[in-house]
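Have a look at the structure below, then the notes.
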Amino acid sequence: MEALEATWGLLRLLLAAAFLALGLYCCYVKYVHLKSDHIPGPPRASFFLGHLPVVWRMYKKKELAYDLFLRWAEEYGPIVRVNIFHRIAVLILSPEGVKEYLMLPQYPKDRIVYRDFKNMFGVRFLGNGLVTDLDYNHWHKQRKVMDPAFSRSYLIGLMETFNDKAEELMKVLEEKADGETEVDMMNMLKRVTLDIIAKVAFGLELNTLNDDLAPFPHAMSRIAQGMVEVRKPLFKYIPGNRKVVKEIQESLRLVRHTGKECIEQRCKAIQNGEETPLDILTQILKNAAQEGDCDYESMLDNFITFFFAGHDTTANQLTFAIMELGRQPEVMAKLLAEVDAVVGVKRDISYEDLGNLQYLSQVLKEVLRLYPPVPGTVRWTGKEGVVEGVRIPAGTTVVFNTYIMGRMEKFFKDPLIFDPDRFGKDQPKPYYCYFPFSLGPRSCIGQIFSQMEAKVVMAKFLQRFEFQLVPPQSFKVVDMGTLRPLDGLVCRLRPRNPLAFED
């Protein structure tokens, strides 16, 4: 009897503690609401969940939440409050706000948002690399070491590799270009960009284009899936998800192990005075030695960052480009005329050719306006600020989204029309409303690299092939860590002309 009473006493105590915790949490949520409800935004769907049920319905219907936020911006203005549990995020869709928060180093990245990308399901992912490093001084030291390897003058020397790897893709596609075979272009583009980043950055020959069993494409696919699943708080605890979680963990370990071996071997070769490839890794290691900053763990983190972001984003941009060109015959005709005039039947595209492919540049920029693979970035307000007359409290997550701003009528006329001419030389520049590579000191280090690569691959593809999109394709966009077409991209190819291309 005494034991039973003791048990009931303990249960009552636990229930009282639970009710007290719930009451305190309710008070805190109410405090957050009072602190932020002056910021415009739609009514909350739930006191506790905030706007999460509305966003979740979009996800379940395989619709992009950013399109919902775009509608909110049109209704409530350029500053929009979003509540989820006890947290608020403020969408800032104002050039004034973009300039304030992204161009100055005093606003750090949000530690909670980037926490899941440092370690994913208990395995180190991006760690303390350039994307996730929250300490500005440490980040600046890393960036100083990395910058020379991504300068335009250095990247020009990589044109031969860009051409060779793109040529390997053309040969694979030639075998499928019979007008009947359905080609998974998104898969092909991910493989070639993976081969390119491996070779030009780290001297690795992955050969994923010619090896369907190569482990890296599958590993990258699983890591991309992990970037989505890790945002779900309970995902890893559900028994049915254990296999997926294990595959994500193994994929991360594979890439990190490869990077560790690559860096160690290259360091040893440099120390022994051996001849080393003139790639980005060699340049970074030599710069680090000169700066006295050989932080190998950070280098490994950046190996993963370059490997993942360096292939996925460019492949997605190219996929969207082919998708749009397949629906825009007038744009396609104009672009083909430029490629024929500048490239002709040459096998190798020169750096000077890239500069002359002006309309192709405009097409790729327009693709990034409508379909930026990385749609935005996040900062943390250490102090109170005012944007568009709205007070932004200290300690607030502020979100900047180039996908949404790129589709707003106030910044781009007829925003849903694919019009590369809006990026012509005589057109006004879209200041602080177009930032597919972010802006300010923490803008993407690889943007010149990716656009050189994209132009080489795209020019060769248009030089060699005619293509048709295979129906049905919804042309919807999905967020899988980066934005990509929901249905992928399937095409039928034909050789464009019978001319033999020069060696």
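Data overview
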{"item": "S474 versus R12: modelled label distance in nm, points set 7 Å from Cα along the beta carbon direction", "result": "5.5 nm"}
{"item": "Footprinting exposure proxy for R442, R347 (fewest neighbouring C-beta atoms within 10 Å first)", "result": "R347, R442"}
{"item": "For L483, distant residues with modelled amide H under 5 Å away", "result": "V374"}
{"item": "Entries in K61/K165; K410/K476; K144/K165; K60/K383; K61/K334; K260/K286 that, when Cα-Cα distance is taken, lie over 27 Å", "result": "K61/K165; K144/K165; K60/K383; K61/K334"}
{"item": "Mean shadow area of the chain, taken as a quarter of the surface of its Cα convex hull (nm²)", "result": "28.7 nm²"}
{"item": "Residue exposure sequence - S298, S350 - by fewest surrounding Cβ within 10 Å", "result": "S350, S298"}
{"item": "Cα centroid separation, segment 140-218 to segment 312-366 (Å)", "result": "17 Å"}
{"item": "Percent of beta bridges antiparallel (DSSP, segment 86-495, rounded to nearest 5)", "result": "90 percent"}
{"item": "Proximal charge balance of T181 [Cβ under 14 Å; K/R count +1, D/E count -1]", "result": "-4"}
{"item": "For segment 86-495, size of Cβ-based charge dipole, Lys and Arg +1, Asp and Glu -1, in debye", "result": "1460 debye"}
{"item": "D340 versus L52: modelled label distance in nm, points set 7 Å from Cα along the beta carbon direction", "result": "5.7 nm"}
{"item": "Debye equation applied to the C-alpha atoms of segment 243-340, log10 I(q)/I(0) at 0.10, 0.20, 0.22 Å⁻¹", "result": "-0.49, -0.99, -1.12"}
{"item": "Cleavage-rule hits (GluC sites (Glu not before Pro)) in segment 134-188: DSSP loop, at most 10 neighbouring Cβ within 10 angstrom", "result": "E175, E180"}
{"item": "Kyte-Doolittle mean at least -0.5, axial Cα span of 27 Å or more - DSSP H helices of the chain", "result": "2-36, 296-325"}
{"item": "Likely footprinting exposure, C444, C26, C491, fewest C-beta neighbours within 10 Å first", "result": "C26, C444, C491"}
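Bear in mind these aren't lab numbers, they're just calculated from the coordinates by the rules spelled out. Just so it is clear, the model here is predicted, and its values are computed rather than measured. Here the Cβ is made from the backbone with ideal geometry for all residues, glycine too, and neighbour counts use every protein chain on show.
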